[in-house]
Amino acid sequence: MQKLLIGMGLSLTACGPVVSCVARGARVQTPRGGRAIEDLRVGDEVVVANPATGLTVVSHITAITSATRECGSLAIGGRTLMLTSDHPVYDPIAKGFFPAGDWLLGDRKHLLEIGDDGPRVVQVDGAKLFCAVSEVFDLTVEHEWHTFVAEDIVVHNKQPAGCRIPDAGVTTSITVPDDERPTCRCADAGVGRWTCAGSGGDATCELCGSVDAG
């Protein structure tokens with residue numbers, strides 16, 4: 001039963017409705033060095049990593065979520081990463097994101113580290129399934145890689161919620177500025193922009209009644 005509960009996040013590629021995050025005190029990489037995750041604010045710069053290549057760039061935080069939850073901990077080279085069991089972490093051997101519970105239970109052993117000398121595969125030295133109840137945080141970054149680096153380890157960010165664009169086959173995010181949203185055609189042949197009033201529904205063409213999704 002314990003393994004079932006920890007593994008409930010197996011299908012996650014980002015944090016779900018329950019905030020699944022990194023605990024207070026974790027150092028997040030920024031262009032000016034590590035900063036405690038609780039000290040970061042919307043608009044701050046953070047380092048994001050392409051897990052497939054290890055390439056890093058600087059991006060901005062567009063949203064921050066927080067909660068209080070039970071956490072486990074992973075020991076890596078003298079550092080400790082404390083996080084919720086459902087937070088997605090990158091496995092460089094399987095080449096994908098999986099819930100941290102896999103590492104906490106010992107089912108996965110390797111992580112992708114982004115250090116001063118570049119990316120490298122590291123092995124978990126030890127894990128505690130439960131270590132504390134802590135305030136936890138997750139970040140949304142504006143870059144398409146949707147990652148950040150906590151305690152030098154590549155983890156997934158919280159992807160922005162979005163709406164479906166009818167018949168267009170793409171998604172527009174509620175966090176995307178108005179002038180960057182895809183255009184749509186109004187019934188009177190005018191041009192509007194898709195807008196999203198809430199998460200999970202259909203987008204609407206702003207200032208239009210009936211629309212063509214072309």
**Prompt:** If we sort 23-31, 102-110 on the protection proxy, mean other Cβ atoms within 10 Å, highest first, what's the order?
**Reply:** 23-31, 102-110
**Asked** Going by a ≥ b ≥ c, the root eigenvalues of the Cα gyration tensor, does the stretch 35-142 fall in the rounded group (a/c under 1.5), the prolate group (a/b larger than b/c) or the oblate group?
**Response** oblate
**Item:** ARG193 - accessible surface, heavy atoms, 1.4 Å probe, Å² rounded to 10
**Value:** 90
**Asked** Per-residue accessible area for CYS186 at 1.4 Å probe radius, Å² rounded to 10?
**Response** 20
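So which GluC sites (Glu not before Pro) in the stretch 78-164 are both in a DSSP loop and have at most 14 other Cβ atoms within 10 Å of their Cβ?
GLU144
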**Complete:** Residues whose built amide H sits under 5 Å from the amide H of ASP44, excluding neighbours closer than 5 in sequence, are ILE61
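The values are calculated or read from the model by the stated rules, or taken from the named source; none is laboratory data. Keep in mind it's a predicted model, so treat the numbers as computed, not measured. For neighbour counting, all protein chains shown are included, and Cβ atoms are generated from backbone atoms with ideal geometry for every residue, glycine included. Each accessible area value is taken on the protein alone, full model and side chains, heavy atoms only, with ligands, DNA and RNA left out. Shrake-Rupley method; radii C 1.70, N 1.55, O 1.52, S 1.80 Å.
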